[in-house]
Amino acid sequence: MLAYLVLFYSRTRGDTEETGVKNPFTIYYILVSVAFLVPNLGIMLRRKVDKLRVQYNVIFTGINFAIILILAFIIYRIPWEF
């Protein structure tokens, strides 16, 4: 959902001269994509971890919390145009 909001409602649709390096929205797209893939991979790999389950859960809780902070930062930083 956030990826669609960034694509269609961010205020950068008219800027065609910017390159991928100057455009922070390219980084935002990558971060959003990673944010949607990593938790799903963690869920799939969890079944294979038996001995270190507590450590695995703590690590992925930290990763999920970091992803939440990154997504909140992206929502705050993007100038929205509805």
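What follows draws every value from the coordinates through simple rules; no lab data is involved. Predicted, not measured: the structure shown is a model, and the values here were computed from it. Glycine gets a Cβ as well: all are built from the backbone with ideal geometry, and neighbour counts include every protein chain shown.
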| query | What is the extension gain from residue 5 to residue 40, computed as 0.36 nm multiplied by their sequence separation minus the C-alpha to C-alpha distance, in nm to one decimal? | reply | 10.5 nm
| query | For residue 64 and residue 80 in one chain, what is 0.36 nm times their gap in residues minus the Cα-Cα distance, to one decimal in nm? | reply | 3.3 nm
| message | Let's test the formula: R0 of 35 Å, r as the Cβ-Cβ distance of residue 52 and residue 31. What FRET efficiency results, to the nearest 0.05? | response | 0.80
